[in-house]
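**Q** One structure is given below, represented as structure tokens, and several questions about it will come after.
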Amino acid sequence: MHMTNEPRDIDNMVLKALDGQLEEREVVKLAISLRKINSDRTIEFVDKVFDSYPPLKANAALREQRARAHMDLAKKSIEAGRDKENSPRDRALAWEQCRELLTAAEIDLNTALKNSKSRIEKDYIRKDMEFLVKMKRASQKPSDDEHRQPGKPRNFPGRNSQR
């Protein structure tokens, strides 16, 4: 299967996949190709495939591609969360979105690992899971102590902050 960057060609391939005109391995190839172009579309595509063909929910390769797409988007959220030019509200939203994306990726990777029959595929999934753990660590909410500036007292609930 040859993919181009033409949106029309991509849409036609997605429609064929959703109409059942492509074999399972071609659907996986399409998900891989879509992820190289657009992670949002990959997630949307795999979601539609799972809705249209529930037995494919057990397909380890599709689960892994959707997990990787979630992780790709989480990377962008991490960048937005770290960007000091963004407002504190936008940064907080980016971090929250990142954690949600990583949770979705974790579910897909666990399902992929459970359903994979290939030792090589399982090794790749485990590597993705290791990277996911690092991303989750980077996206953890900081504790109150980490937010506190040196020399400033901690605020405790019910404690009068004025002295």
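Each value in this text was obtained by applying a stated rule to the coordinates, not by laboratory testing. Since we're looking at a predicted model, the values are computed, not measured. Using ideal geometry, Cβ is built from the backbone for each residue, glycine included, and neighbour counts are taken over all protein chains shown.
**Q** With a 10 Å radius around each residue's Cβ, average the other Cβ atoms per peptide and rank 100-107, 23-30, 80-87, 112-119, highest first.
**A** Highest to lowest by the protection proxy: 100-107, 23-30, 112-119, 80-87.
**Q** Sorting check: for 61-67, 40-46, which peptide has the highest mean count of neighbouring beta carbons within 10 Å, and how do the rest follow?
**A** 61-67, 40-46
**Q** Here's another thing I want to ask about it. If the reach is capped at under 17 angstrom between alpha carbons, list the lysines near LYS48, excluding any in the same chain fewer than eight residues apart.
**A** LYS16, LYS29, LYS57
**Q** Give the lysines whose C-alpha is closer than 30 Å to that of LYS84, dropping any in the same chain fewer than 8 places away, or say none.
**A** LYS36, LYS75, LYS76, LYS134, LYS136, LYS141, LYS152
**Q** How much FRET efficiency would the formula 1/(1 + (r/R0)^6) give for GLN140 and SER118, where r is the Cβ-Cβ distance and R0 is 25 Å, rounded to 0.05?
**A** With R0 = 25 Å, the Cβ-Cβ based efficiency is 0.15.
**Q** Would you kindly derive the ³J(HN,Hα) couplings of the range 75-88 from the backbone phi angles with the Karplus curve 6.51 cos²θ - 1.76 cosθ + 1.60 (θ = phi - 60°), listing them in order in whole Hz, with x for Gly and Pro?
**A** Using θ = phi - 60°, the values come out as 4, 5, 5, 4, 4, 5, x, 8, 6, 5, 6, 7, 5, x Hz.
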